[in-house]
Amino acid sequence: MEQALPNPRRQFWRKLVIDLAVMIAIGVVLALIGPFGTFQTSFPTRLAYWVGLGLAGYACYRPMGWAVERVGQGLDLPVWLLWVFACLSATVPMTLVVAGIDRLPRGLPLPGFNTLATTYGYVLVVGDMVTVVFFLIERAKTAPAPGAAPRPRGAPPATAAPAPAASQPRFLDRLPPHLGTDLIALEMEDHYVRAHTVLGSELVLMRLRDAMAELDGIEGQQVHRSWWVARHAVEDVRRDGRNLRLVLPGGLEAPVARANAAVLKELGWI
């Protein structure tokens, strides 16, 4: 059975509308609470102030989340460390926005360093709270199914269980016919999985862990946070210092996380 690929543009706008709705809701809550001395102003003023800051904060912090997803794949660093750096960086422009809203309309220059540093601390607290909200929302979307067996820490999940007789892995049913069924790798791209076969590649809207759960009968390993590779597709291993990359058909290369290198060596991959 062939599954139609959802329109990526429609998915993008749907996520954007949901995110902005969440930010507006947070702005309304802050307007009701009136933190940082804003409760002394009228509610309409507080509402415009906090909703406006919420939308400005989304413009500052959301690109950082995209950067964590993209840069994190190449650096192979802990996700929490990338998020800490992202929040600290995004708070810099947001601090300037907050300071500008308070002073520039009155024709006043931006405050000095000490005042900006204090404002930075306040903005960082609020920004972190909002970032945690969005992180928990995304984590809920990617949570494992109830009853799923946990895997040992540091070991990549294997997908080498034998398939039922006279059937093929369920994930292959999602691929268009022109790609065939000779799957060589899966690559995570935002909320999609790019399926690589010997005939080409295609995006499928699903989580990487869900895609791997549908690969019964294909021997393979998750070699990196964003890559799964079929055992039969490994043609060579390329070393660059301490970094390893698996060479696949068609010149495709999959990075190997350092934590998984020892596991692959034990399995005879490298």
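Semi-axis lengths, largest first, of the ellipsoid equivalent to the stretch 170-266 are 22, 14, 12 Å, with √(5λ) applied to each eigenvalue of the Cα gyration tensor. Would you tally the net charge around Ser201, using a Cβ to Cβ cut-off of less than 14 Å, leaving Ser201 out, and scoring K and R as +1, D and E as -1? So the environment of Ser201 carries a net charge of -3.
Here is the list for the stretch 192-270: trypsin sites (Lys or Arg not before Pro) lying in DSSP coil, each with at most 12 other C-beta atoms within 10 angstrom of its C-beta, are Arg242. Percent of alpha carbon pairs in the stretch 178-219 separated by more than 13 Å? The calculated P(r) of the stretch 178-219 puts 49 percent of pairs beyond 13 Å.
Only the coordinates and a few stated rules stand behind these numbers; no lab work does. Just so we're clear, the structure is a prediction, and the values are computed from it rather than from any experiment. Because the Cβ atoms are built from the backbone with ideal geometry, glycine has one as well, and the counts that use them run over all protein chains shown.
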